[in-house]
1. Under a point-charge model restricted to the Cβ atoms of Lys and Arg (+1) and Asp and Glu (-1), what is the dipole moment magnitude of the chain relative to its Cα centre, in debye to the nearest 20?
2. Nearest 10 degrees, 0 to 90: what angle lies between the long axis of helix 4-56 and the longest principal axis of the chain (Cα atoms)?
3. Please compute the modelled spin-label separation between LEU4 and CYS49, points set 7 Å along Cα→Cβ, answer in nm with one decimal.
Amino acid sequence: MVDLVALQYVLQQCPWDMENRELRSAQRADKAHIAQLQSKLVLLQNQVCAEEWKGEA
């Protein structure tokens with residue numbers, strides 16, 4: 001026999017679990033994008049420093 005209370009609980013939790021997974025996935029994507037942008041920023045800062053150094057020489 002199926003435990004109806006347990007089944008009802010599982011069915012109620014599924015949308016929340018799915019939403020949580022989607023939010024965690026979006027958060028991981030955002031973190032990866034931020035890391036990529038930070039890397040590009042470092043490269044650009046280094047490039048600017050090199051250009052300034054060439055201008056002083």
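Readers should treat all values here as calculations from the given coordinates under stated rules, not as data from a laboratory. Given the structure is predicted, the values throughout are model-derived calculations rather than measurements. Heads up, the Cβs are rebuilt from the backbone with ideal geometry, glycines too, and the neighbour counts pull from every protein chain shown.
1. 100 debye
2. Computed tilt is about 0 degrees.
3. Simple spin-label model gives 7.0 nm for this pair.
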